[in-house]
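Here's the structure we're looking at; comments come further down.
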Amino acid sequence: MTAATMMTARATMAGTDHVAVSYHDTVSKLQALDHLAHSPFDRSDWYALLEQFGRHPTIAMAEHAGETAALALMRSASGLQSLNHWFAFAWRPLAAPGPAGDTLLRAIARDLRSQAPCVTLDYLPDEDGSATRLRAAFREAGWLTRLEPRDTNHVLEVGTRDFAAYWAQRPGPMRTTLKRKAKKVEVEILTHFDTQAWQAYGDIYNRSWKTEEKDADLLEAFARREGALGHLRLGVARYEGVPVAAQFWTVEHGTAFIHKLAYDQDHAKLSAGTTLSAALFEHVIDTDHVQLVDFGTGEDGYKRDWMDTERPRYRLTCIDPWQFAAWRLVARKLADRLASRLRRG
């Protein structure tokens with residue numbers, strides 16, 4: 001390992017064993033942990049895209065007795081934070097379940113006190129225990145912690161249902177809309193990256209209600225990679241040959257992830273978005289046989305029509321009580337909150 005990839009390394013005590021903790025300014029070492037990935041946003045190639053498109057990683061790794069764990073982090077104004085992007089659905093620790101993984105996470109948390117006064121980990125799930133596990137690791141390492149709700153994740157647990165059974169349980173107005181308007185558009189679902197279809201998606205997105213896509217190049221690179229892996233499900237709906245709606249999904253490990261959707265506002269009366277969504281749900285349920293559909297985060301009301309379950313996403317804030325800089329940050333945040341309340345009257 002070269003000096004360019006390893007920033008610092010030391011040993012920390014875990015019980016009676018020494019755990020080697022190291023820090024890296026590139027994500028290449030995360031490839032060894034891809035077997036722990038739950039989603040596309042846990043894999044090393046996702047973090048490599050973030051690095052390629054301007055993020056500056058600080059990868060904290062712990063190794064002992066053939067086991068490795070890591071936290072993908074980056075520097076922030078207050079210390080360290082999770083290496084993340086608003087496009088990702090969640091952020092997780094990369095550690096095997098069980099006591100060995102917990103020991104490595106505690107070692108990282110303990111050593112991070114030499115790196116920053118504050119660590120903020122955002123969009124943590126807890127249905128897999130990630131948030132609870134990380135809070136325990138940091139508390140046992142001497143940090144003061146605060147775990148709070150950050151956002152809501154919408155999912156559909158498919159179970160034994162086929163698409164027909166799922167669709168029969170959707171709201172009546174949605175089923176009526178599909179019955180009346182499904183034949184007005186033609187739907188195509190691609191399982192590989194296609195330049196023309198992606199261009200159609202971009203054109204529709206620009207004509208939709210959504211704001212400008214600031215990271216369009218990163219999104220396209222992600223779609224190309226997912227296409228090469230066979231994960232891509234790119235849907236396009238056309239009216240008289242003209243694309244009027246498009247959606248970008250992926251499928252991995254029995255889960256379908258709904259990343260992006262858009263429709264042309266000038267053709268809103270066609271309800272092409274509903275028709276395209278139904279076609280993609282049918283494809284991932286009846287053809288891909290997924291067990292879960294993940295609609296990401298946000299309080300968009302329409303997601304509840306398609307999904308059955310809501311799961312919280314958390315923010316974990318960790319403060320080192322022995323560092324003066326940490327208390328200065330706390331005071332600043334309290335002052336900001338007080339000022340905000342005063343402005344609201």
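The values are calculated or read from the model by the stated rules, or taken from the named source; none is laboratory data. Remember, it's a predicted structure, so these values are computed and weren't measured experimentally. Virtual Cβ from ideal backbone geometry, glycine too; neighbours counted across all protein chains shown. Calculation scope for accessible area: heavy atoms of the full protein, side chains included, ligands and nucleic acids excluded. Shrake-Rupley method; radii C 1.70, N 1.55, O 1.52, S 1.80 Å.
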Worksheet item: Considering the range 50-60 alone, what residues qualify as being open to solvent by 20 Å² or more (accessible area, probe 1.4 Å) and touching a Phe, Trp or Tyr at 6+ places or on another chain (Cβ under 9 Å)?
Response: 55
Discussion item. Tell me whether the range 181-198 contains one or more residues that are closer than 14 Å to residue 260 by Cα and of a type in the set (Phe, Trp, Tyr).
Written reply: yes
Item to complete: Inspect all residues belonging to the range 277-290 and state whether any of them is touching a residue at least 60 places away in the same chain (Cβ under 8 Å) and more than 23 Å from residue 161 (Cα to Cα).
Response: no
Worksheet, complete the sentence: Within the range 128-140, residues being within 30 Å of residue 286 (Cβ to Cβ) and surrounded by 20 or more Cβ atoms within 10 Å (Cβ to Cβ) number 0
Worksheet item: How many residues are part of a helix (DSSP H, G or I) and out of contact with any helix residue (DSSP H, G or I) (no Cβ under 9 Å at 6 or more places or on another chain) if we restrict to the range 184-202?
Response: 5
Worksheet item: Would a scan of the range 314-325 turn up a residue that is open to solvent by less than 20 Å² (accessible area, probe 1.4 Å) and over 30 Å from residue 116 (Cα atoms)?
Response: no
Worksheet item: For the range 182-190, does any single residue satisfy the condition of being within 24 Å of the chain's Cα centre (by Cα), at pLDDT 95 or above, closer than 26 Å to residue 45 by Cα and open to solvent by less than 30 Å² (accessible area, probe 1.4 Å)?
Response: yes
Worksheet item: Restricting attention to the range 61-110, which residues are surrounded by fewer than 21 Cβ atoms within 10 Å (Cβ to Cβ) and under 21 Å from residue 326 (Cα atoms)?
Response: 74, 75, 76, 77, 78
Discussion item. If I go through the range 268-304 residue by residue, how many of them are outside any helix (DSSP H, G or I) and at negative phi?
Written reply: 11
Response to the item:
Quick count over the range 141-164, residues being in a loop (DSSP other than H, G, I, E, B) and open to solvent by 70 Å² or more (accessible area, probe 1.4 Å), is 2
Worksheet item: Given (1) in contact with an Asp or Glu (Cβ under 9 Å, 6 or more places away or on another chain); (2) modelled with pLDDT under 95; (3) over 27 Å from residue 166 (Cα atoms), where does residue 229 come up short, assuming only one miss?
Response: (2)
Worksheet item: Taking the condition within 25 Å of the chain's Cα centre (by Cα), more than 21 Å from residue 85 (Cα to Cα) and not charged (D, E, K, R), does residue 193 pass?
Response: yes
Worksheet item: In the range 283-303, is there at least one residue being buried (at least 17 other Cβ atoms within 10 Å of the Cβ), within 15 Å of residue 188 (Cβ to Cβ) and not β-branched (Val, Ile, Thr)?
Response: yes
Worksheet item: Any idea which of 78, 82 is touching a Phe, Trp or Tyr at 6+ places or on another chain (Cβ under 7 Å) and of a type in the set (Ser, Thr, Tyr)?
Response: 82
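The rows are residues; the columns are (1) open to solvent by less than 20 Å² (accessible area, probe 1.4 Å); (2) assigned to a helix (DSSP H, G or I); (3) touching a residue at least 12 places away in the same chain (Cβ under 8 Å); (4) of a type outside the set (Asp, Glu).
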| position | (1), (2), (3), (4) |
| --- | --- |
| 204 | yes, yes, yes, yes |
| 212 | no, no, no, no |
| 217 | no, yes, yes, no |
| 220 | no, yes, yes, no |
| 224 | no, yes, yes, yes |
| 237 | yes, no, yes, yes |
| 250 | yes, no, yes, yes |
| 257 | yes, no, yes, yes |
| 261 | no, no, yes, yes |
Worksheet item: Which condition breaks for residue 88 when tested against (1) assigned to a loop (DSSP other than H, G, I, E, B); (2) under 17 Å from the mean Cα position of the chain (by Cα); (3) free of Cβ contacts under 8 Å to residues at least 40 places away in the same chain?
Response: (3)
Worksheet item: Are any residues in the range 239-248 surrounded by 19 or more Cβ atoms within 10 Å (Cβ to Cβ) and either among the polar types (S, T, N, Q) or farther than 22 Å from residue 84 by Cβ (or both), and if so, which ones?
Response: 243, 244, 245, 246, 247
Worksheet, complete the sentence: Residue hits (the range 257-290; farther than 19 Å from residue 178 by Cβ and at pLDDT 95 or above) are 257, 259, 288, 289, 290
Fill in: Selection status of residue 92, at pLDDT 95 or above, under 23 Å from residue 126 (Cβ atoms), basic (Lys, Arg) and out of contact with any strand residue (DSSP E or B) (no Cβ under 8 Å at 6 or more places or on another chain)
no
